[in-house]
Amino acid sequence: MSELLIFERGQPGRSASAQFPRHESAHELPAQFVRSEPPLLPEVSELDVVRHYTRLSQMNFSIDTHFYPLGSCTMKYNPRGCNSFASLPGFTQRHPLAPESSSQGFLTCLFELQEMLKSVTGMAAFSLTPMAGAQGELAGVAMIRAYHVDRGDIGRTEIIVPDAAHGTNPATATMCGCTVKEVPTRADGDVNLDVLRELVGSQTAGIMLTNPSTLGVFDKNIKAIEEVIHAAGGLLYYDGANLNAILGKVLPAEMGFDVMHINLHKTFATPHGGGGPGSGVVGAGETLKPFLPIPVVGTTANGYRWLDEADLPKSIGRLSAFMGNAGVLLRAYIYMRLLGREGLERVADYAVLNANYVMVQLRKAGFDIVFPDRRASHEFLVTLKRQTKSKGVTAMDFAKALLDRGIHAPTTYFPLLVPECLLIEPTETESKQTLDHFVAAMTEILAEAASSGAQCKDAPVTTPVKRLDDVRAARQLDVRYQPPETDGGAQIVNAAAD
Amino acid sequence: MPFIPHTDHDTQLMLQAIGVDDINSLFDEIPDELRCGKLMGVPTAISEYEVGRLMRRQADKDRVELNFLGAGAYEHHIPAAVWELTTRGEFYSAYTPYQAEASQGTLQVIYEYQTMMASLTGQDVSNASLYDGASALAEATLMAVRVNRASKSRRVLIPQSVHPHYAAVTKAITASQSIELVQIPYDPNSGQTDLAALRSHAGTDITAVIIPQPNVFGVLEQVDEFADWAADQGALGIALVNPISLGLLRPPGEWGREGVPIVCGEGQPLGVPLSSGGPYFGFLTCREALVRQLPGRLVGRTVDRDGKLGFTLTLQAREQHIRRSRATSNICTNQGLMVTAATIYMSLLGPQGLRRVAAESHAKTRGLAAAAAMIDGVEPAFTAPHFHEVVLRLPVRAGAVIEKMRRQGILAGIALSSWYPELENCLLVCATETKTDADLHTYVQALGQQIEASRAAS
């Protein structure tokens, strides 16, 4: 199965002319402003377009079509109702700069979302503007920096990050002008407190933590960590990537966190869209509340209104042109209303039940669990170090062999400190039957790996393409199509890879 | 249980397999003193039917008949096929295409998108998109500072005619990178950037110059002079453009003698609904020599084991998940779904359709401005040519007129005085191809009436 590029389907002069103005309007723009060559856009019919993109969609794995146990990404079902109601014309046609008097419906939803997020985290206030988890992190760390600077404590420029952290954590700290200090993980998966105590000092701005961690375990010493950081004058940042595991069980604020972000596209079921849009809303306790990014939705006697610089003079400023990914916020709002209090409390129950069940079943099937003596959170780690050593069958081979069985691969090679690992997150929306099917598929691959391993090495063979040459992709960079007549080839850069 | 498929029997079997009595036991590693009570701030569940009623009620409150607002978000016709296709579950509910073999659909869409955006902007390479136009400008600024190693000042010139929210976002995101943003004023007559003020910086070390086209007033800047001056100073040009306008206007790759090497902007006009400001997507394109400093995801074409063409994420060594604290950006995701919509939109329009939409939007705004100028006391605030937005100077306060026209179901424009105090009584208005001549007539009549009423009242 393969599909021509949309450009290759076209014919000069063909068009989907129902879709644009019937006549070409004259303009009187001076020639220096006007384009001479048309851009390289397809010349195709509407049916060409519909058929082409329908076919392309069929070349994807997705939650709607496949089990997708991608660790740390929380690929749960995205309820269709959330999309339908967020797409009502009153919402999609609302201009971001429409007057507040014409925006009370939208503002009501956003204000109530802020309130519900406060309840599920214990934070004092939320700003909904960050457009992805990484931007939520940027907001949070910038707020920590702004807080120290505001107090005249300008020497606090170090951010502590566990070695197991997601790559965005250290990258964010650097973007905020901080230096990064890594704290190691103990053999049981918890942060090494002894090292942490030595790392902190008057230079410590704060720590960025995920709990449960990216290793799939809840750090039991979180209160001790809090005491160390706060005693040193630092603040605690909560990376909400794994909030799904503790929803209704623990409030990040009660663990001692001062600021956090939530990935609405994980815990609150908004779609991942093939890589975005996400939403990384940021919440703060009383200490950091004045520094939240603008705008925030506030109330007055006459209804809801935007709070901006004038209301929040210490704000770190604006992170998006308008209000962040508003449509994503509406989907999360609808999801929370559909589940309600009792439904949200159930999320963690069944996400954690599913993860522990699959962990136990895989252990029984002969897999090496990285933290066998710990409870799984909503996800857990398997290592294939043994299989790699004996038969050369790697985590990547397992991942690809799963694709041939109609299952999306778990996260591979993350966290970096666990060799040949798979991070498996089933989510609460998958049934026991699906989980059993997954365990059976994994068991089958394990048997193959134990015999020759050759089949795993060849996988996948049922997908539209087999394993791709990534080295060639980087060395002979081909990142846009060029029609054959212009240069006879599509490679535009020939440079050594990084 | 909404969206949870477990029967009691399933749950019992699973708990037995794990070897615990109940689900609560699975949380036994969480210290008791940390366990929270019920989430009392969240209302109890309501059915999909009830949620539907609630959301319709909220959505209906915000409906307006006629929208003449622009200022960074534009109402264009979106062909039905765009979102019919984009919301197919295979696009909508997929994740980042890390497993390339299982993501060829998304990857090919992005490759096609990259091709279209590179050509539209006159560049060689496009990334897979960024969050929105404002954050794209911030990332383009950071990129320019990384690229221009010959310059030591980290000083970036930003015209005052750049959308104030874009300037604010760029400031917030680059705040801790010791980048100095220097504002260049606009000419109060033409509405273009004051080139004399720009040239007063000649001979100083300038790292980059931001060039908006059109600028926030809808006015076309003298981009050739701008680009050439930046090049003469050894500064990198960063073009900030509206993608619809490029159906008609000369692309930044052709500005001045050498063209501008970095281009960014807001992708929303390409098939993404207004939606209160998001999700939109930012685009960022550049010359091939700069590709290794380009932030964000990039899709490349390569071959599989059988020599068959296929697509994969490439140059990932630049990205945060590999480079961690040495990464040059913390961007993790792109706006994949919006890019899917934009790619389908551009495919449906083609070169002819995009030019017609641009030309028609330009014509409608010109028509509106001409008709409005017939009202006593109303005049265009600026003399330079504009694209599809215009600033009208009214004889009365713009805010009062806006509120009165809102009550007639018309969003009349933006009162510019909140961003530019010196532009008192000025109204920023946009008319795209979606407006009929009757709509323009309705607008101008209402504007005339409300000005008259305001005058009578004062």
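The values are calculated or read from the model by the stated rules, or taken from the named source; none is laboratory data. Just so we're clear, the structure is a prediction, and the values are computed from it rather than from any experiment. Backbone-built Cβ (ideal geometry, glycine too); neighbour counts: all protein chains shown. Note: accessible area is taken over every heavy atom of the protein model, side chains too, but ligands, DNA and RNA are not part of it. Shrake-Rupley method; radii C 1.70, N 1.55, O 1.52, S 1.80 Å.
Below is a table of values for the structure above.
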read-out: Number of positions in the stretch B:57-76 that are open to solvent by 10 Å² or more (accessible area, probe 1.4 Å), more than 7 Å from chain A (Cβ to nearest Cβ) and modelled with pLDDT of 95 or more; value: 5
read-out: B:Leu107 being more than 26 Å from the chain's Cα centre (by Cα) and open to solvent by less than 10 Å² (accessible area, probe 1.4 Å); value: no
read-out: Number of the exception - A:Leu56 against (1) open to solvent by less than 20 Å² (accessible area, probe 1.4 Å); (2) assigned to a loop (DSSP other than H, G, I, E, B); (3) in contact with a Gly (Cβ under 6 Å, 6 or more places away or on another chain); value: (2)
read-out: One residue from A:Gly283, A:Gly317, A:Gly278, A:Gly327 being within 13 Å of another protein chain (Cβ to nearest Cβ), farther than 15 Å from A:Gly136 by Cα and touching a helix residue (DSSP H, G or I) at 6+ places or on another chain (Cβ under 8 Å); value: A:Gly327
read-out: B:Glu29 vs. criteria in contact (Cβ under 8 Å) with a residue 60 or more places away in the chain and out of contact with any helix residue (DSSP H, G or I) (no Cβ under 8 Å at 6 or more places or on another chain); value: no
read-out: From B:Gln233, B:Gln222, residue being touching a His at 6+ places or on another chain (Cβ under 9 Å) and either open to solvent by 10 Å² or more (accessible area, probe 1.4 Å) or within 23 Å of B:Thr432 (Cα to Cα) (or both); value: B:Gln233
read-out: Close pairs (7 angstrom Cβ cut-off, 6 or more residues apart or separate chains): within 27 Å of B:Leu248 (Cβ to Cβ) in the stretch B:329-356, in a helix (DSSP H, G or I) and among the small types (Gly, Ala, Ser) anywhere; value: B:Ile344/B:Ala81; B:Leu348/B:Ala81; B:Leu354/B:Gly247; B:Arg355/B:Gly247
read-out: Any hit, the stretch B:37-46, residues being more than 7 Å from chain A (Cβ to nearest Cβ), open to solvent by 10 Å² or more (accessible area, probe 1.4 Å) and without any contact (Cβ under 8 Å) to a residue 12 or more places away in the chain; value: yes
read-out: So A:Asp258, is it open to solvent by 10 Å² or more (accessible area, probe 1.4 Å), assigned by TED's automatic domain parsing to the domain that holds A:Glu158 and at pLDDT 95 or above; value: yes
read-out: Filter result (open to solvent by less than 10 Å² (accessible area, probe 1.4 Å), more than 7 Å from every other protein chain (Cβ to nearest Cβ) and assigned to a loop (DSSP other than H, G, I, E, B)) within the stretch A:131-164; value: A:Ala164
read-out: Residue among A:Val352, A:Val382, A:Val393, A:Val358 that alone is surrounded by 22 or more Cβ atoms within 10 Å (Cβ to Cβ), at the interface with chain B (Cβ under 8 Å from one of its Cβ atoms) and either touching a residue at least 24 places away in the same chain (Cβ under 8 Å) or over 23 Å from the mean Cα position of the chain (by Cα) (or both); value: A:Val352
read-out: Failed condition for A:Lys314, given (1) among the basic types (Lys, Arg); (2) open to solvent by less than 30 Å² (accessible area, probe 1.4 Å); (3) assigned to a loop (DSSP other than H, G, I, E, B); value: (2)
read-out: The stretch B:161-197, residues that are free of Cβ contacts under 8 Å to residues at least 60 places away in the same chain, open to solvent by less than 40 Å² (accessible area, probe 1.4 Å), assigned to a helix (DSSP H, G or I) and among the hydroxyl-bearing types (Ser, Thr, Tyr); value: B:Thr170, B:Thr174
read-out: Matching residues in the stretch A:77-100 - criterion: being assigned to a helix (DSSP H, G or I) and free of Cβ contacts under 8 Å to residues at least 40 places away in the same chain; value: A:Arg80, A:Ser84, A:Pro89, A:Gly90
read-out: Unmet requirement for B:Glu50, which otherwise passes all of (1) open to solvent by 40 Å² or more (accessible area, probe 1.4 Å); (2) at the interface with chain A (Cβ under 7 Å from one of its Cβ atoms); value: (2)
read-out: Count of the stretch A:70-105 residues which are closer than 19 Å to A:Gly276 by Cα, more than 7 Å from every other protein chain (Cβ to nearest Cβ) and not small (Gly, Ala, Ser); value: 4
read-out: In the stretch A:34-59, the residues that are at the interface with chain B (Cβ under 7 Å from one of its Cβ atoms) and closer than 30 Å to A:Pro460 by Cα; value: A:Val49, A:Val50, A:Tyr53, A:Thr54, A:Leu56, A:Ser57, A:Gln58, A:Met59
read-out: Some residue of the stretch A:326-339 being assigned to a helix (DSSP H, G or I), modelled with pLDDT under 95 and more than 19 Å from the chain's Cα centre (by Cα); value: no
read-out: Criterion: in contact (Cβ under 8 Å) with a residue 12 or more places away in the chain and either surrounded by 22 or more Cβ atoms within 10 Å (Cβ to Cβ) or under 21 Å from A:Arg94 (Cα atoms) (or both) - qualifying residue of B:Gly413, B:Gly367; value: B:Gly413
read-out: Condition met for A:Thr74 (open to solvent by less than 30 Å² (accessible area, probe 1.4 Å), in a helix (DSSP H, G or I), modelled with pLDDT of 95 or more and among the hydroxyl-bearing types (Ser, Thr, Tyr)); value: no
read-out: Looking only at the stretch A:17-33, and only at residues there that are assigned to a helix (DSSP H, G or I) and at the interface with chain B (Cβ under 7 Å from one of its Cβ atoms), the one that is nearest to the chain's Cα centre (by Cα); value: A:Gln19
read-out: Residue tally, condition open to solvent by 10 Å² or more (accessible area, probe 1.4 Å) and within 7 Å of chain B (Cβ to nearest Cβ), over the stretch A:60-69; value: 4
read-out: Within the stretch B:221-330, strands (runs of 3 or more DSSP E) holding 3 or more residues that are more than 9 Å from chain A (Cβ to nearest Cβ); value: B:236-241, B:262-266, B:282-286
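Residue by residue, here is whether (1) more than 16 Å from A:Thr287 (Cβ to Cβ); (2) in contact (Cβ under 8 Å) with a residue 60 or more places away in the chain holds:
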site: A:Met143; (1), (2): no, yes
site: A:Arg151; (1), (2): no, no
site: A:Arg156; (1), (2): no, yes
site: A:Asp163; (1), (2): yes, yes
site: A:Gly167; (1), (2): yes, no
